[in-house]
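A short write-up of the structure that comes next.
The values are calculated or read from the model by the stated rules, or taken from the named source; none is laboratory data. Owing to the predicted nature of the structure, the values given are computational and were not obtained by experimental measurement. A quick note on method: Cβ atoms are made from the backbone with ideal geometry, for glycine too, and the neighbour counts reach across all protein chains shown.
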Amino acid sequence: MYNKQSNTRQHTHSFGGFILLQAIALLLLIGNTGYGQERIPEITAMELQRDVFYFSSDLLKGRYPGTPEDDLAAEYIRNQFQKAGLTLLSDDGFQHFNIVTTVEAGNRNSLRIADYEAVMKEDFIPLAFSKNDHISAGVVFAGYGFEIDEDSLQWNDYENIDVQNKWVLILRGDPELEDQESLFISYSADRDKVLTARDHDAAGVLLVSGVEYDSKDKLEELHFDKTLSNAGIPVIHIKRHIADKILEETGENIGQIETLLNDTLRHFSFDLSGRIDASTEIILQEVQTQNVIGMVEGNDPDFLEEYIVVGAHYDHLGLGGPGSGSRVPDTLAVHNGADDNASGVAGVIELAYKISANKKKLKRSIIFIAFGAEEMGLLGSAYFVKNPPVDLVSIKAMVNLDMIGRLDKEKRAVMVGGTGTSEETESILHKLNKEQLSLSFSPEGYGPSDHASFYGENIPVFFFSTGAHIDYHTPDDDAYKLNYYGEKDLLEYIDKLLMYLSGMEEPLTFKEAGPKKRSGKGYRFKVTLGIMPDFTSTEENGLGVGGVNKDGPAYSGGMKKGDLIVAMDGKPVTNIYDYMNRLKKLKPGQTITVDIIRQGEKKVLIIQL
Ligand SMILES: [Zn+2]
């Protein structure tokens, strides 16, 4: 009640559009967080808008998993499910699980060289993927730490040394930092070098930045890189003056050695006589988050123990920052995630009201889920399929909504993923399309959102999205930019689909469509976008696309002939060399963003390699 009054009052103020909308969002929060609002069973643009404004307001701080604001969002969803008349599953609608969100250096980190006791965070820091251990051992200098055996490049820093059970001191980067095409690039990541050292039975690795690599000699900041597996040996980043102490007996400092290596392009390694005593302690911080789960039970006794799942993730990137998935990791600001994925979860809530009101018509039961921690690697949906509240084989289809708020008014383009995962999918989707949506299909069951977890369990999936855009994973993904009437149309279409799936005599016939998982290993394999560069282009600010291979990932991501690629994963691409270079660093299965210019307009595509 209070809320409504406040809203009306605010409308009379002459704020600019953006500020006004923010103000409304704020009042919704301060008021009654929307619970008290009467809702009708029908899907309405206004109700969608109200929910999206709530989820994407600054007060929810980007819904980062494990934060109080994340819990607030989950509670809001649970309460809406309850009001809609859903049966709450799991623990009163919440399915809790633990995730790692941050890494910290513990108190037990130490580093001693002869009688010098180094100071953590001033002289050294353990890297996030370091193993926790205590090692006292001799030390070997191993140049850039390469072991490269290619036709066009031979460089083995381990040739004449024995590093077994010793610390290895390694320079970061490579000797051709200026060279964008350098063959060293694919070998120069810290983690790759540590792996090589471990293959040679090193006890631990000390990494140091040369002067050319980082004149400021900044210590690495700890951030969780979403891989729980550590390197298997301790890894410490040390400052140059510490490296110089280790190298003292040689009469050279690390800067001089770096210059020599880079100028001659000849590798050399050597034993040192000192001992290094060090402990590493990396603490992975666990927090609790949750999925929110409710159900509308079917009416047909023969079918009600079969289920159709409809879900959307409600988490987002919080304040962004390095390692968060933000495309502007240097900017710490609320990533509101209005399209990604307040739009999807608002959609699930609206569908819950509508389907609950029509439950007499249901055969199979419908389960509604808001997933947590999707942005951290589909963690909520992965937890759900490992700990399902109903038998997994009784789940007959999964419909995932991720970024459904930006339907273009003219083009009405909707991307549907997973269309190859059942025999019947394509014909059903065509048949139900009375909304004149311009559907584009991609068959793969795996994809960059929660449906992938279900496809991995042989469940037919539907992945709906209105596509990526320039604000994707930035603080500018705001509520006022959404097309709520367009989203309503799309949801009405999805409602028909859910009712159809619930009522089918025989469930969908599952069909395999592409790999079940992201391939975790083999990151030295080459990946391809499946495009043909336009070699005739005179464009100097990007790479022209001369053709797109229909079987390639670029095609599935919506790339077209004539597009100009200007960035990959947020890093600029100005020519074919940049492009090749960026490509080299990508791993199969990885999802990347590609910024393009199409007919003068900037667009962002999400491409799964
Ligand atoms: Zn996202």
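Every condition in (1) more than 16 Å from the ligand (Cβ to nearest atom); (2) within 30 Å of S356 (Cβ to Cβ); (3) of a type in the set (D, E, K, R) holds for R266 except the one numbered (2). Residues that are within 12 Å of the ligand (Cβ to nearest atom), of a type in the set (D, E, K, R) and part of a loop (DSSP other than H, G, I, E, B) within the range 318-339 comprise just one, R327. When restricted to residues that are buried (at least 18 other Cβ atoms within 10 Å of the Cβ), touching an Asp or Glu at 6+ places or on another chain (Cβ under 7 Å) and within 30 Å of T67 (Cβ to Cβ), the range 242-292 contains 2.
G405 satisfies every condition listed in (1) under 20 Å from L482 (Cα atoms); (2) surrounded by fewer than 16 Cβ atoms within 10 Å (Cβ to Cβ) except (2).
For the range 98-120, the set of residues classified as under 31 Å from the mean Cα position of the chain (by Cα) and modelled with pLDDT under 95 consists of N98, I99, V100, T101, T102, V103, E104, A105, G106, N107, listed by residue number. Screening the candidates S152, S182, S215, S188 for the property of being within 25 Å of L583 (Cβ to Cβ), without any contact (Cβ under 8 Å) to a residue 12 or more places away in the chain and of a type in the set (G, A, S) yields one hit, S182.
The residue of the range 432-479 that is farthest from the ligand (Cβ to nearest atom), among those that are among the hydroxyl-bearing types (S, T, Y) and crowded, with 24+ Cβ neighbours inside 10 Å, is Y455. Residue count for the range 129-149 satisfying the condition of being touching a residue at least 60 places away in the same chain (Cβ under 8 Å) and either in a strand (DSSP E or B) or over 24 Å from L183 (Cα atoms) (or both): 13. The residue pairs whose first member lies in the range 345-373 and is under 13 Å from P41 (Cβ atoms), whose second member is polar (S, T, N, Q) and outside any helix (DSSP H, G or I), and whose beta carbons are closer than 9 Å, counting only pairs six or more residues apart or on different chains, are E350/T44; K359/N299; K360/N299; K361/N299. Does Y307 fit the bill of being within 16 Å of the ligand (Cβ to nearest atom) and outside the structural domain of D174 (by TED's automatic domain parsing)? Considered against the rule, which asks whether it is within 16 Å of the ligand (Cβ to nearest atom) and outside the structural domain of D174 (by TED's automatic domain parsing), Y307 comes out as no.
Close contacts from the range 547-558, counting a first residue that is assigned to a loop (DSSP other than H, G, I, E, B) and a second that is of a type in the set (F, W, Y), with Cβ to Cβ under 8 Å and a gap of 6+ residues or different chains, come to N549/Y555. Among the residues making up the range 398-423, those that are farther than 22 Å from Y472 by Cα and either without any contact (Cβ under 8 Å) to a residue 24 or more places away in the chain or in contact with a Lys or Arg (Cβ under 9 Å, 6 or more places away or on another chain) (or both) are G420, T421, S422, E423.
If only residues of the range 349-375 that are of a type outside the set (F, W, Y) and under 21 Å from G66 (Cα atoms) are counted, the one that is nearest to the ligand (Cβ to nearest atom) is E375. Of the set (1) part of a loop (DSSP other than H, G, I, E, B); (2) within 14 Å of the ligand (Cβ to nearest atom), all apply to G420 but (2). Scanning the range 392-408 for residues that are at pLDDT 95 or above and away from the ligand (no atom under 16 Å from the Cβ) yields L392, V393, S394, I395, K396, A397, M398, V399, L407.
Does L378 qualify as being in contact with a His (Cβ under 9 Å, 6 or more places away or on another chain) and modelled with pLDDT under 95? It is true that L378 is in contact with a His (Cβ under 9 Å, 6 or more places away or on another chain) and modelled with pLDDT under 95. Filtering D190, D201 for residues that are within 30 Å of E374 (Cα to Cα) and not aliphatic (A, V, I, L, M) leaves a single hit, D190. May I ask you to verify whether A346 is within 16 Å of the ligand (Cβ to nearest atom), among the aliphatic types (A, V, I, L, M) and in a helix (DSSP H, G or I)? Considered against the rule, which asks whether it is within 16 Å of the ligand (Cβ to nearest atom), among the aliphatic types (A, V, I, L, M) and in a helix (DSSP H, G or I), A346 comes out as yes.
Here Y485 passes the criteria (1) at pLDDT 95 or above; (2) part of a loop (DSSP other than H, G, I, E, B); (3) more than 16 Å from the ligand (Cβ to nearest atom) except the one numbered (2). Selection over the range 152-181 of residues that are closer than 17 Å to E258 by Cα and among the small types (G, A, S) gives a count of 1.
For a quick check of your reading: which strands (runs of 3 or more DSSP E) sit entirely within the range 196-300 and have at least 2 residues that are modelled with pLDDT under 90?
282-296
So which residues in the range 320-361 are of a type in the set (A, V, I, L, M, F, W, C) and either modelled with pLDDT of 95 or more or at positive phi (or both)? Scanning the range 320-361 gives A333, V334, A338, A342, V345, A346, V348, I349, L351, A352, I355, A357.
Given the criteria modelled with pLDDT of 95 or more, among the aliphatic types (A, V, I, L, M) and touching an Asp or Glu at 6+ places or on another chain (Cβ under 9 Å), does L86 qualify? When the stated conditions are applied, L86 does not pass them.
Quickly run through the range 452-476 and pick out the residues that are farther than 25 Å from E601 by Cβ, of a type in the set (S, T, N, Q) and assigned to a loop (DSSP other than H, G, I, E, B).
N458, the sole residue that qualifies.
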